[in-house]
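Below is one structure, written out as structure tokens; the observations come after it.
The values are calculated or read from the model by the stated rules, or taken from the named source; none is laboratory data. All values reported here derive from a predicted model rather than from experimental measurement. We place every Cβ from the backbone using ideal geometry, glycine too, and count neighbours over all the protein chains shown. Areas reflect the complete protein model, heavy atoms only, side chains present, ligands, DNA and RNA absent. Shrake-Rupley method; radii C 1.70, N 1.55, O 1.52, S 1.80 Å.
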Amino acid sequence: MEHPPHKFIEELRSVALTESERVALRASLLAKMREGGAQRPVVSPWSHLFFSKRVQAGFLSMIIVMSYTSSVAFAAEGALPGDILYPIKTKVAEPVVRLVTVSTPAEEAKFETKILERRLEEAETLEQDKKLDQELKREVRESVRAQSAKAKMKIKVVEDDDDETFVIAAFPAATSTSIVATTTPKAKIEKVREEKVREKGTAQSVTKKRGKSERALNAVLEKHERTLEKLDLGDEHEDRNEESGSRGNRGR
Amino acid sequence: MKDNSLEMELLRAYDAHADAIFRHCYFKTGERELAQDMTQDVFLKAWSYMQQKQQILNMRAFLYRLADNLVIDWYRKRKATSLDALVDDGFEPVSAESRAEERAEASLALAKLRELGEDDQKLITWRFVEDLSPKEIAEIVDQSENVVSVRLHRALKKLKSLLQ
């Protein structure tokens with residue numbers, strides 16, 4: 001193979017590190033090599049916690065308990081009355097959700113209504129699956145009744161709050177009326193008339209609000225009654241049975 | 001003890017090939033300080049490779065390969081960063097003084113070498129300036145010796161026409 005001109009090659013070869021550059025670079029390289037060789041991994045100041053066997057055992061048991069409880073709670077979500085996990089659903093999972101999500105009386109009423117709907121759905125599912133024997137029927141009836149009473153009570157609390165709002169809204173008007181009484185009779189009559197109109201307006205808005213929550217309550221209760229009737233769980237039915245039983249007895 | 005022998009091996013490689021690696025980086029980048037940094041990085045990478053108990057069969061070819069990869073990375077980064085962005089970040093283009101220095105250093109030969117394409121420039125330098133055999137070059141560029149020989153022949157022809 002031919003070669004490029006010698007001069008060309010020599011010129012290119014003349015490009016090199018100077019002696020001082022070579023020595024400095026060698027020293028720097030050696031220092032970095034040794035620095036890298038002696039380098040230890042950065043140790044976290046908290047590492048001793050993780051190396052302690054007691055702490056490790058604690059973490060491990062906590063993880064086991066958390067994963068166990070969360071998986072049990074998850075499995076319990078679909079449980080129905082009579083299932084082993086049903087008490088976990090009603091006595092653990094639901095109270096926890098209540099504790100976390102509910103903060104005002106209105107939210108409480110809404111939550112209890114939702115739980116009531118849940119109880120009714122459970123009863124329907126049991127009925128569809130033909131799993132409702134006499135004992136389970138009694139159990140379901142009790143829990144539906146209890147939940148229904150709870151929901152009614154919470155809704156009543158919200159309504160009472162509305163009444164308080166009404167009183168507070170009405171009170172300043174009454175006070176201002178008594179102040180007006182010290183002014184001229186004509187002005188007094190005018191003021192009282194205005195106050196009456198304002199009072200009427202406030203009362204109307206409160207009534208509207210109360211009407212809304214009443215309607216919500218009635219809707220749930222209607223559903224409640226319908227489901228109970230459908231499932232043959234209602235008081236009336238029970239009473240009717242008792243009545244016909246006693247009539248029969250009397251007939252005999 | 002083993003670390004010491006590895007250290008000695010690398011320092012021997014440095015003494016033998018530092019200039020060649022520096023030249024390779026300098027021909028590509030045209031910046032003396034950058035070429036020095038790259039030279040150091042090449043040997044540090046080789047050191048880290050040796051420490052992982054990896055066997056290096058041909059140290060010279062291995063060092064050139066590392067250097068070539070570093071240069072390619074540098075090209076990519078340089079392309080990705082526009083000059084405007086660099087100036088915004090406070091980068092000052094090379095001063096007139098350092099340009100003059102570079103001009104003095106960049107001989108006619110270097111200017112002609114840079115007129116060759118990327119690959120031809122590498123082949124000519126490795127074969128005729130660094131005295132690598134076609135077999136060693138083939139190892140670096142991961143091609144057959146025959147292909148390297150053919151490409152070398154063409155590159156040399158091109159260089160000759162440039163030098164006329």
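List of remarks:
- A Cβ distance below 6 Å, combined with a sequence gap of six or more or placement on separate chains, defines the contacts here; from the stretch A:88-109, residues that are without any contact (Cβ under 8 Å) to a residue 24 or more places away in the chain and under 25 Å from A:GLY78 (Cβ atoms) reach residues that are in a helix (DSSP H, G or I) and of a type in the set (A, V, I, L, M) in the pairs A:ILE88/A:ALA76; A:LYS89/A:ALA76; A:ALA93/A:ALA73; A:ALA93/A:ALA76.
- First in the stretch B:47-61 and of a type in the set (Gly, Ala, Ser), second anywhere and open to solvent by less than 80 Å² (accessible area, probe 1.4 Å), Cβ under 6 Å, 6 or more apart: B:ALA61/B:GLU136; B:ALA61/B:ILE140
Residues are listed down the side, and each one gets a yes or a no for (1) open to solvent by 60 Å² or more (accessible area, probe 1.4 Å); (2) part of a helix (DSSP H, G or I); (3) modelled with pLDDT under 80:
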residue	(1), (2), (3)
A:GLU107	yes, yes, no
A:GLU122	no, yes, no
A:LEU132	no, no, yes
A:GLU142	yes, yes, no
A:ASP160	yes, yes, yes
A:ILE168	yes, yes, yes
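- Members of the stretch B:54-67 found to be over 12 Å from the mean Cα position of the chain (by Cα) and open to solvent by 70 Å² or more (accessible area, probe 1.4 Å), listed by number: B:GLN54, B:GLN55, B:LEU57
- Test for A:ALA75: is it in a helix (DSSP H, G or I), among the small types (Gly, Ala, Ser), over 30 Å from A:LYS156 (Cα atoms) and under 19 Å from the mean Cα position of the chain (by Cα): yes
- Answer residue from the stretch A:2-35, given it is within 7 Å of chain B (Cβ to nearest Cβ) and within 60 Å of the chain's Cα centre (by Cα) and is least open to solvent (accessible area, probe 1.4 Å) among those: A:MET33
- The selection criterion, being at the interface with chain A (Cβ under 10 Å from one of its Cβ atoms) and in contact (Cβ under 8 Å) with a residue 24 or more places away in the chain, does not hold for B:TYR26.
Results for (1) at pLDDT 90 or above; (2) part of a helix (DSSP H, G or I), shown as yes or no for each residue.
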site: B:LEU6; (1), (2): no, yes
site: B:ARG12; (1), (2): yes, yes
site: B:ASP15; (1), (2): yes, yes
site: B:ILE21; (1), (2): yes, yes
site: B:CYS25; (1), (2): yes, yes
site: B:LYS53; (1), (2): no, no
site: B:TYR64; (1), (2): yes, yes
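- Taking residues in the stretch A:126-148 that are in contact (Cβ under 8 Å) with a residue 40 or more places away in the chain and over 17 Å from A:ARG226 (Cβ atoms), and partners anywhere that are hydroxyl-bearing (Ser, Thr, Tyr) and in a helix (DSSP H, G or I), the pairs with Cβ atoms closer than 9 Å and at least 6 places apart or on different chains are A:LYS131/A:THR125; A:SER143/A:THR90.
- B:GLN51 being of a type outside the set (D, E, K, R), more than 9 Å from chain A (Cβ to nearest Cβ) and either open to solvent by 60 Å² or more (accessible area, probe 1.4 Å) or touching a Pro at 6+ places or on another chain (Cβ under 8 Å) (or both): no
- Across the stretch B:95-130, the qualifying residues are those that are open to solvent by 40 Å² or more (accessible area, probe 1.4 Å) and within 14 Å of the chain's Cα centre (by Cα), and the one among them that is modelled with the highest pLDDT is B:ARG127.
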